[in-house]
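Take a look at the structure set out below.
The values are calculated or read from the model by the stated rules, or taken from the named source; none is laboratory data. This one's a predicted model, so the numbers in the text were calculated from it and none came from an experiment. Reconstructed Cβ throughout: ideal geometry from the backbone, glycine too, with neighbour counts over all protein chains shown.
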Amino acid sequence: MGPLDYLKEHENESMAQLKDLLRIPSISAQSEHKDDVRRAGKWVADYLNKLGIKAEVCETGGHPCVVGEYKKAANLPTVLIYGHYDVQPVDPLNLWKTAPFEPIEENGYIIARGCTDDKGQMFAHLKGAEAYLKTTGSLPCNVKFLIEGEEEASASKLDEFIKNNKDRLAADVVLVSDGSQYGNDLPAINFGLRGIAFVEVKVTGPAKDLHSGSYGGAIANPIIVLCKMIAQMHDENGHITIPDFYDNVYTATQWEKDQYAKLPFSAEEYRTSTGAPKLWGEKGFSPLEQNWIRPTLDCNGITGGYQGEGGKTIIPSWASTKITMRLVPNMKPMEICDKIEAYLRKICPDTVKLEVVKHGGATPVQVSTDGPWLEAAARAIKTGFGKEPFFTKEGGSIPVVETFKTVLGIDTLLVGFGQQTDNAHSPNERFAIKDFHRGCRTSAALLDELSKVKK
């Protein structure tokens with residue numbers, strides 16, 4: 001019996017084991033679940049140890065992570081498998097059709113918090129390793145595991161842990177499954193992530209809220225001032241107006257453009273899925289390009305003045321907004337934060353005081369498309385899913401991928417097994433049962449294909 005046959009024969013057992021992990025309410029953002037997060041980490045470590053892969057729960061200064069290692073031979077590649085066992089909060093609870101941590105199967109899906117993000121996808125890699133160990137007695141290459149417990153928390157100590165354990169985590173390539181396919185039955189390999197820069201902006205006018213009848217017309221309203229400033233950051237073509245914002249911005253290669261042309265994409269279906277009356281974006285670029293290879297600037301929220309029931313006639317003392325900018329290769333988060341601050345100070349009137357808090361962010365990630373790792377991953381996906389994968393990019397950010405690149409000096413293969421419709425971070429999170437099993441098969445095939453890459 002080979003590894004793929006083993007996985008097929010043990011599908012029911014695999015699903016039962018996943019449900020055991022899903023029952024642990026490992027919500028890393030909520031302190032009352034601190035022990036649950038640690039319990040989930042111990043579950044993962046125990047599972048690896050039972051397989052014969054030496055693993056331990058490691059302290060980080062925050063929630064713990066699990067590190068495991070299997071040594072095969074020095075002349076074979078070393079694959080570092082990353083995932084996380086912590087999950088998002090479950091609110092609003094009333095929108096769940098079942099208890100979030102009591103997994104059920106319905107219409108071909110398993111429904112529970114964390115089933116797709118990321119316990120199910122992470123566990124698929126444990127099952128891929130298990131299939132080899134149970135059928136051949138060994139893994140085809142050297143494998144290390146880094147499974148963390150605070151990816152969904154507001155702050156993470158993982159970067160510091162990686163920097164302090166560079167030798168222990170040294171590898172030739174990282175394998176991450178914490179995302180989605182391009183679409184239903186359309187597997188994909190992601191070769192790029194946008195970065196992110198984040199600032200908070202506050203404008204203050206009077207020292208306190210003022211009666212709008214007594215002072216209106218004589219004192220600038222901070223909300224109006226801030227809205228005018230926000231409006232000045234895009235022109236009529238959706239182009240960002242911050243000086244030097246587009247300096248050295250990445251230009252897609254012809255190979256990349258060819259990959260986009262192969263994708264079954266409908267702008268109208270995309271619009272319909274959002275509920276928006278019309279698409280909007282930077283003129284001269286398609287929606288895919290706007291999402292994947294162009295930088296953006298978005299106001300994520302705005303606060304100021306009276307928000308309660310009924311009216312309150314005031315000029316508010318202050319107004320604030322949170323702004324994030326998605327970045328593409330060659331853009332650096334703190335440089336972009338500096339540029340937006342300089343522009344805001346230039347356009348801010350002297351009727352208010354301006355405060356800008358710069359949080360930095362994550363650097364964009366671009367995986368080499370002409371090396372053997374992507375080719376090996378493509379072969380593995382065809383084995384696991386029965387179809388050739390598409391090559392795509394992702395508009396979002398996974399900061400740890402940039403850490404792997406800068407600290408460990410290695411690229412990351414982003415192979416998502418889920419779907420964008422899996423309700424990750426939302427009520428009734430789900431994971432197609434067939435996608436879980438195809439993920440397990442793909443993981444086993446990945447170990448085989450990656451072991452063949454010459455160091």
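For the range 361-369, check the following and say yes or no: at least one residue is more than 19 Å from the chain's Cα centre (by Cα), in a loop (DSSP other than H, G, I, E, B) and in the same structural domain as residue 229 (by TED's automatic domain parsing).
No, every residue in the range 361-369 fails to be more than 19 Å from the chain's Cα centre (by Cα), in a loop (DSSP other than H, G, I, E, B) and in the same structural domain as residue 229 (by TED's automatic domain parsing).
Select, from 45, 40, 16, the only residue that is over 22 Å from residue 413 (Cα atoms), among the hydrophobic types (A, V, I, L, M, F, W, C), without any contact (Cβ under 8 Å) to a residue 24 or more places away in the chain and buried (at least 19 other Cβ atoms within 10 Å of the Cβ).
Selected residue: 45, the only one of 45, 40, 16 that is over 22 Å from residue 413 (Cα atoms), among the hydrophobic types (A, V, I, L, M, F, W, C), without any contact (Cβ under 8 Å) to a residue 24 or more places away in the chain and buried (at least 19 other Cβ atoms within 10 Å of the Cβ).
Results for (1) within 18 Å of the chain's Cα centre (by Cα); (2) of a type outside the set (S, T, N, Q); (3) under 16 Å from residue 188 (Cβ atoms); (4) not assigned by TED's automatic domain parsing to the domain that holds residue 13, shown as yes or no for each residue.
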residue: 403; (1), (2), (3), (4): yes, no, no, no
residue: 410; (1), (2), (3), (4): no, yes, no, no
residue: 417; (1), (2), (3), (4): yes, yes, yes, no
residue: 420; (1), (2), (3), (4): yes, no, yes, no
residue: 423; (1), (2), (3), (4): yes, no, no, no
residue: 434; (1), (2), (3), (4): no, yes, no, no
residue: 442; (1), (2), (3), (4): no, no, yes, no
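Quick check: is even one residue across the range 228-238 within 31 Å of the chain's Cα centre (by Cα), surrounded by fewer than 14 Cβ atoms within 10 Å (Cβ to Cβ) and aliphatic (A, V, I, L, M)?
So far as the range 228-238 goes, yes, one or more of its residues are within 31 Å of the chain's Cα centre (by Cα), surrounded by fewer than 14 Cβ atoms within 10 Å (Cβ to Cβ) and aliphatic (A, V, I, L, M).
Mind checking which residues of the range 373-401 are charged (D, E, K, R) and buried (at least 22 other Cβ atoms within 10 Å of the Cβ)?
Answer for the range 373-401, where residues must be charged (D, E, K, R) and buried (at least 22 other Cβ atoms within 10 Å of the Cβ): just 393.
Of the residues 303, 251, which single one is in contact with a strand residue (DSSP E or B) (Cβ under 6 Å, 6 or more places away or on another chain) and either in a helix (DSSP H, G or I) or among the β-branched types (Val, Ile, Thr) (or both)?
Numbers: 251 fails: in contact with a strand residue (DSSP E or B) (Cβ under 6 Å, 6 or more places away or on another chain).
None of the other options fit; the residue is 303.
Identify all residues within the range 43-61 that are in contact with a strand residue (DSSP E or B) (Cβ under 9 Å, 6 or more places away or on another chain), within 22 Å of residue 25 (Cα to Cα), in a loop (DSSP other than H, G, I, E, B) and not β-branched (Val, Ile, Thr); write none if there are none.
Within the range 43-61, just 59 meets the criteria.
Answer yes or no: is there a residue in the range 155-171 that is closer than 30 Å to residue 318 by Cα and either modelled with pLDDT of 95 or more or not assigned by TED's automatic domain parsing to the domain that holds residue 329 (or both).
yes
Kindly indicate whether residue 363 is among the polar types (S, T, N, Q), more than 26 Å from residue 224 (Cβ to Cβ) and either touching a Ser or Thr at 6+ places or on another chain (Cβ under 6 Å) or crowded, with 21+ Cβ neighbours inside 10 Å (or both).
For residue 363, the condition - among the polar types (S, T, N, Q), more than 26 Å from residue 224 (Cβ to Cβ) and either touching a Ser or Thr at 6+ places or on another chain (Cβ under 6 Å) or crowded, with 21+ Cβ neighbours inside 10 Å (or both) - is met.
Farther than 22 Å from residue 57 by Cα, surrounded by fewer than 24 Cβ atoms within 10 Å (Cβ to Cβ) and in contact with a helix residue (DSSP H, G or I) (Cβ under 6 Å, 6 or more places away or on another chain) - does that describe any residue in the range 151-168?
no
Could you list all residues from the range 211-260 that are at pLDDT 95 or above, under 30 Å from residue 286 (Cβ atoms) and of a type in the set (Phe, Trp, Tyr)?
245, 246
Among the listed residues 98, 78, identify the single one that is touching a strand residue (DSSP E or B) at 6+ places or on another chain (Cβ under 8 Å), exposed (fewer than 15 other Cβ atoms within 10 Å of the Cβ) and in the same structural domain as residue 132 (by TED's automatic domain parsing).
None of the other options fit; the residue is 98.
Within the range 75-105, count every residue that is touching a residue at least 40 places away in the same chain (Cβ under 8 Å), assigned to a strand (DSSP E or B) and either among the acidic types (Asp, Glu) or out of contact with any Phe, Trp or Tyr (no Cβ under 7 Å at 6 or more places or on another chain) (or both).
8
Among the numbered criteria (1) surrounded by fewer than 23 Cβ atoms within 10 Å (Cβ to Cβ); (2) assigned to a helix (DSSP H, G or I); (3) in contact with a Leu (Cβ under 7 Å, 6 or more places away or on another chain); (4) not assigned by TED's automatic domain parsing to the domain that holds residue 327, which one does residue 427 miss?
(2)
Could you please give the count of residues in the range 402-412 that are touching a strand residue (DSSP E or B) at 6+ places or on another chain (Cβ under 8 Å) and surrounded by fewer than 23 Cβ atoms within 10 Å (Cβ to Cβ)?
5
Can you name every residue in the range 191-250 that is touching a Phe, Trp or Tyr at 6+ places or on another chain (Cβ under 7 Å) and β-branched (Val, Ile, Thr)?
Within the range 191-250, 203, 204, 242 qualify.
Can you tell me which residues in the range 154-196 are of a type in the set (D, E, K, R) and farther than 21 Å from residue 114 by Cβ?
Scanning the range 154-196 gives 159, 160, 163, 166, 167, 168, 172, 185, 194.
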